[in-house]
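Report on the structure given below.
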Amino acid sequence: MICKLCQKNRKLCKSHVIPEFLYKAIYDDKHRANEITIEPFKKKFIQKGYYEELLCKECEEKISRLEKYCKENFFDNIPQNIKTREYEADNLDYNKFILFHLSILWRASISSRKEFKNVRLDKGPHEELIRKLLENQISPSYEDYSFFGKLLVHQGKVIQDLIYEPINTKYKAHHVYVFTFGGAQWYYLVSSHSKKEFSKILFKEDGKLILRVEELLENTFFKDSILKYQKSKSAKR
């Protein structure tokens, strides 16, 4: 079968779309996690993060090295409790950190799973452009592919056990894909337009990441999901 990354005919691995280590916080003592969908409303257990046959072994290892770096140098260091309005991480490897995030965006786009139906980069040039960056391990300028994030908390505690179905939205001229994992909400800007208006909060080549801290109950996407959940329950009565 054809590997989605190197595009060579090779045996494929079971590749996760969102890395399995990010599900660790949401598993119970039986290694189960609750999956809830709003439209239609449904609840079930899952015992492993979403995966499918996407990459060959060589490409899987290439992505795994990015995941290992980000786990050990960022996600494992996020504090359990935070009282400040911002959380700052310094000295991140720009190349590895931005390619890690692009790899998740790209994997969601090429995935055939319904959970990632809102992420579709194949309608323009970006899916192929990002594929080439990942294949060759070349980082783009932050002005080409940018992202910023918010750390989600409830009563000062970082919400590590929350993974949301990605959302596709638009802000002015920018397509924005919103992912929620690892205690944060990530905003990936996909467009060729200037991103100067976001400059202060974007992750840049200096390796500094500044995450605004937001109360979960004040988060727009979370509040919208709660409303949909409440409506779905009312409709079932």
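Values quoted throughout were computed directly from the atomic coordinates according to the rules given, and no laboratory measurement underlies them. Keep in mind the model is a prediction, meaning the values are calculated, not measured. Note: ideal-geometry Cβ built from the backbone for every residue, glycine included; neighbour counts use all protein chains shown.
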| query | So what is the diffusion coefficient of segment 101-186 in µm² per second by Stokes-Einstein at 20 °C and 1.002 mPa s, using a Kirkwood Rh over Cα pairs? | reply | 152 µm²/s
| said: On a 32 Å Cα-Cα criterion, which of the cross-link pairs K11/K196; K170/K208; K96/K123 come out too long? | reply: K11/K196
| request: Report the FRET efficiency, 1/(1 + (r/R0)^6), for D76 and F221, where r is their Cβ-Cβ distance and R0 is 22 Å, rounded to 0.05. | output: 0.30
